[in-house]
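Peer 1: My structure is below; once you've seen it, I'll send some questions.
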Amino acid sequence: MTAEQLKKRTDAIIDYWIAEVQQYSIEQLNAKPSETSWSIGQVGIHLWMSAKGFFFKNAERCLTGEKTEKGKSKNWVGYLVFLFGTMPSVKVKMPTQVAVEPRAPESKEYLIAKLEEVKQLAHAYIDRIAQSDSSLRTRHPFLGWLNTAEWVQLCNIHFRHHLKQKKRIEQHFGWKGK
């Protein structure tokens with residue numbers, strides 16, 4: 001995938017999320033199907049938090065060589081995720097040390113601004129992929145060792161993966177799900 005293709009694909013999924021957020025009131029965005037599940041707003045905040053604090057943080061490490069390894073690769077699950085461009089349809093419990101329940105957004109505008117921020121950061125990292133050493137990798141807890149381009153692509157895959165969760169929330173409340 002070229003840098004321009006990745007930018008277009010990233011813009012498309014983030015713009016889709018923004019358009020979806022605009023359909024709902026803040027009360028709807030913060031409505032949770034159950035006490036233990038997330039709202040659509042929390043999913044959006046999770047996407048922003050994971051992009052900044054996980055995907056792009058690791059992409060930056062690969063660019064700078066900080067805490068990287070050479071000669072490592074993805075595991076078989078990682079190869080499948082990148083081959084098909086999607087994550088398995090299973091709920092994954094995050095390791096306790098990194099598991100964070102996202103706050104509910106205080107407004108639609110706040111959530112949209114956070115999603116726009118991810119888009120701008122994604123563009124900046126996509127522009128830097130060409131100057132990265134693809135052999136420098138950091139470890140993903142489930143997928144193995146990823147390089148800069150793979151971390152940025154995984155952010156895109158992650159946005160798509162959470163569409164299933166958004167649809168389940170919409171179906172629970174009887175909202176028009178896509």
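Peer 1: Can you list residue pairs whose Cβ atoms sit under 7 Å apart, with the first residue in the range 41-56 being on the phi < 0 side of the Ramachandran plot and of a type in the set (S, T, N, Q) and the second being surrounded by fewer than 22 Cβ atoms within 10 Å (Cβ to Cβ) and part of a helix (DSSP H, G or I)? Count only pairs 6 or more apart in sequence or on different chains.
Peer 2: Close Cβ pairs satisfying both conditions: SER50/HIS158.
Peer 1: If you take just the helices (runs of 4 or more DSSP H) that sit entirely in the range 30-147, which of them hold at least 1 residues that are among the acidic types (Asp, Glu)?
Peer 2: Helices (runs of 4 or more DSSP H) meeting the threshold: 56-64, 108-129.
Peer 1: Sort out which residues of the range 151-172 are crowded, with 17+ Cβ neighbours inside 10 Å and over 12 Å from the mean Cα position of the chain (by Cα), and write them in order of number.
Peer 2: Once the filter is applied, which keeps residues that are crowded, with 17+ Cβ neighbours inside 10 Å and over 12 Å from the mean Cα position of the chain (by Cα), the range 151-172 yields LYS166, ILE169, GLU170.
None of the figures in this text is laboratory data; all of them are computed from the coordinates on show. These numbers come from a predicted model, not from an experiment. Cβ coordinates were reconstructed from backbone atoms using ideal geometry, including for glycine residues, and neighbour counts include every protein chain displayed.
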